[in-house]
Structure formats: C-alpha cells, structure tokens
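Structure first, commentary second.
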Amino acid sequence: MKDGVQPSSSSLDRLLKKRDTHVGKALSIAHGKPLHIIRGEMQYLYSATGEKYLDLVNNVCHVGHSNPKVVESGQRQMALLNTNTRYVYDGLTDYLERLSETLPAPINVGYLVNSGSEANELAVRIARAYTGAHDMVVVEGAYHGHTGMLIDLSPYKFRGPGGKGIPEPWVHVVPIPDTYRGGDRDYTSELADIVNRIDSIAGLLIESMLSCAGQIPLPQGYLESAFELIRDAGGLCIADEVQVGFGRVGKHMWAFEEHRVIPDIVVMGKPIGNGHPMAAVFTTEKIASKFEEMEFFSTFGGNPVSCAIGLAVLDEIEDKDLMHNAELLGKIFVDGLNDLKKKHALIGDVRGRGLFIGFELVSDHKTLEPAPVEAKKLVAEMLTRNVLLSTDGPHNNVIKIKPPMVITIEDVNLTLKLLDDVLSNMK
Ligand SMILES: Cc1ncc(COP(=O)(O)O)c(C=O)c1O
C-alpha cells in the first residue's frame, strides 16, 4: 500500500543515528524494524517513504489516529484556557460526571492524572489509606506501570529481562488463570491458598482481561471469587482497565462488567485521551473519604484541555457506535481466526472479547510447546504486507490484535486473508 506522501527530508538513517546518541537504550523499537512514521489517520499510519500501514495494535488511538473531532476539541480548548484543577471550570466536572455515568452507581469519585502508571500508583495508595494494610496481590505475567512501586507489582517486569525476581515480601503473585494451558487446574483455590497465607491485605490489582499475560479473558466466576476472597481478607479490589476499558470488549464499556462484579477502584488509561497523556482513578465516596488527610494534586491531571479531549473521545465512542463495531468485527475476527486454526496447525488457541484478541502459536497441540520463533516470523511477514501486529505472553507466542476501534470489515477480511497466506508459506 503506497500513499502519495513525499519522503521526509530527514532520512531514517540520520534519525536512527541521533536516536542512538540521545535516546536511552532501555527503549526498544516496535515491530522489530524501525518505522519512520510521519502521519496517522484513523486506523492507518503513514511512513516517510509513503507506505500505508494498517495498525492492529494501537489501543491508545481508540477512536482513530488524529481523530478530527478529538483534535478540534483539544485545539479549541487550548486556544481558550488551560489551567489546573484548583480552579473551577465546566470541563472538569462535566467530564468526571460523564465518566461516572459509565460506571456502576457507587463508583462516582474520580481523580485525573497523566498516565496509567500514575493512576495505578494512586489506586494502590488509596487502597492502603483505606485498609491501613500494605500487602498487594497481583497476577503472574501482569504489567501495571513503570514507577518504582509498579515495577515491584509487575511480574512481567521483575521476572522479565533485567528483573531481579520477586522484589518485596508485600508482593504476592497468583498464577495466570489460563484455561488453555492450565487444563483442570483450579485457579480460584490456588488464589485462595495464597490469600489465606497473607496477614493483612491492602488489595488485589488485576486487569479485567489479561493483556501482557497473553490476551486472556478471565474464566467465568474467577473474578467474582477473587473479589470475595480479597474482601473477606479486608482488602480492596482494583480493576486495571488501562488496556481493556472504554468499550474495547464490545458488549461492555468496562471489561469487569462481564463478570458481574463491582470493583472498589477502577483505573483507566491509554484510550482515555486517544493519545493525549491522561488517566483516571475512580472509587466510591466511602473509600475516597479515607484519602483526604493529605492533599492530592496533579499539576496537569484534569486540565481543561485534557477534559475537552476526554469528552470528545466519549462522544466519538457514542456517536460512531464503536462498541457495536468492536463487538461485530471482533466476532468476525475470532470466527475467521478459528477457521484458520482448523487449517494451520501452528494456531493452538484463539481468544478474545470485542477488539481485544489473541491467538497463540504452538508447535505441538498435545504438549502445547510454544512457538515464539514462528510468532516473531509471522509478525515480520505481516509487516512486509503493511499490517502491524505484535507478540506477547509469558512465552512470546501470542499474537495480539487490539486496533483502533474504527477498523472496518474490509480491514478484518484483508488481515485474515494475509494471515492465511503467511501461515500457508510457513508450513
Ligand atoms: C494494563 C496496564 N496498566 C498500566 C499501564 C501503564 O500505563 P502508562 O504506560 O500510561 O503509564 C500499562 C501500560 O502498558 C498497562 O498495559
């Protein structure tokens, strides 16, 4: 797919050289190959050399890259006023009210910050303030953010490259409730055993559908039992909806809703600002009232520009019926992938909700031997066909699909056809 864009004057080589000098080496490049991207438009990214890529992994630009309505709202507000939450302005209260309306009734007090990490950090502080306890429970393979506390609460990091293993005695890790790999394992009992050994618990921090752990929908009943166990032990339940919230799962605005539970604290990020740095923490008045002793203030969190952008994102989700799009296209995607699974032995499992999908590559259906090399190759081959995908999961063998919610049936059909071609050539 070539676009008529003129090559940029700054060559990729020159940028990479500068990057090499000035950008910390702890940061990796996406898709295994440097892409010099100069423009985004809805579900597409355009490179300096005129390539047009279908973006199937950016779950931040939820309502489309450079969505005109969102851009216009931000620009208009920027030209009018930008200040902070110590002032009174319509945008702040309108936005918090609007977000509250998407949540179950008791959760109606919000805090606005600038990133998912900040939001999770705040959520844990609130849980500790409310319970007076310190210990936290997290799920194996989870990533919750890059701050010091959250690296300690992210097995994905402390067990991953550069990590030093379980960091602190206050961190408790429960297994990934993976029904594909787990067979008959009773994940709820395993969680109960761990929780029952903890003296006092501040909370459970859990994604309502697991992302870095391998695009895994939680088994039926798991979240309900987990919340009950944690609450019985005196802790609060924090739903990390940073990746899976804002209607991505199709049927529900928040992924926890599928499980008929009401968290004590809900954390929002990534898609909330369509790329503008924003995040939020919501909780009940009762819990918030125990977090009033020390003032909470974030210089940029909840500023009028962010609120205008956040409101425009919510409008776009509603006006374009994007949850319905996610539900409809997600089903077509999963059905199509299941058809490919019948044809290509490399695909071991297909799973997902709405436009949050994963398919796992294995070299043996009996032993479930992961196929990370093939997964990497598949992503690389799809890149040469101008479709952006990536891998994740503890074995790096799960292909993730989590595109902007504005993709079309044509995009889905094209992707399935290209995957079929690539998998046929990989036999
Ligand atoms: C589930 C989850 N929580 C929290 C975060 C942290 O968000 P941020 O990168 O905005 O700090 C991430 C980021 O990838 C995430 O995937």
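Every read-out reported here was derived from the displayed coordinates using simple, explicitly stated rules and does not represent laboratory data. Note that the structure is a prediction, hence the values are computed from the model and not measured. Note that we place each Cβ from the backbone using ideal geometry, even for glycine, and neighbour counts take in every protein chain shown.
For the chain, the alpha carbon convex hull comes to 151 Å³ per residue, rounded to a whole number. A crude spin-label estimate for the pair S189 and K286, with each label 7 Å from Cα along the Cβ direction, gives 3.2 nm.
Using bins of 10 Å that start at zero, the share of Cα-Cα pairs per bin across the range 68-319 amounts to 7, 32, 36, 19, 6, 1, in whole %. Overall, the range 320-369 carries a charge dipole of about 80 debye about its Cα centre when +1 sits on the Cβ of Lys and Arg and -1 on the Cβ of Asp and Glu, all other atoms neutral.
Between the range 316-382 and the range 86-118, the alpha-carbon centres lie 34 Å apart.
Rounded to two decimals, the Cα-based Rg/Rh of the range 271-427, with Kirkwood Rh, is 1.11.
As a proxy for reagent exposure, V63, V71 were ordered by neighbouring Cβ count within 10 angstrom, fewest first; the result is V71, V63.
If a paramagnetic tag sat 7 Å from the Cα of R39 along the Cα-Cβ line, which residues of the range 45-81 would have the backbone N under 13 Å from that point? Within reach of a label on R39: 45-53, 66. The slack in the chain from N396 to N425, taken as 0.36 nm per residue of separation less the alpha-carbon distance, amounts to 8.4 nm. Using Cβ point charges alone (K and R +1, D and E -1), the dipole size of the chain about the Cα centre works out to roughly 1500 debye. Net charge of the neighbourhood of V249, taken over other residues with C-beta under 11 Å away and scored Lys/Arg +1, Asp/Glu -1, is 0. With R₀ set to 22 Å, the beta-carbon distance separating T147 from S28 gives a calculated FRET efficiency near 0.70.
Per-peptide packing, taken as the mean over residues of other Cβ atoms within 10 Å, places 240-250, 125-135 in the sequence 240-250, 125-135 from highest down. Choose one answer from L12, L27, L210: the residue with the largest mean-square fluctuation in a GNM of the chain with alpha-carbon springs under 10 Å. Evaluated over the chain, the most mobile residue of the options is L27. Label positions at F300 and D94, each projected 7 Å from the Cα along the C-beta direction, are separated by 2.3 nm. Sorted ascending by nearby beta carbons within 10 Å, beginning with the fewest, V267, V373, V70 become V373, V70, V267.
Packing order of peptides 222-229, 310-317, highest average first: 310-317, 222-229 (average count of other Cβ atoms within 10 Å over each peptide's residues). Extension gain, L16-D315: 0.36 nm per intervening residue step, less the Cα-Cα distance, totals 103.8 nm.
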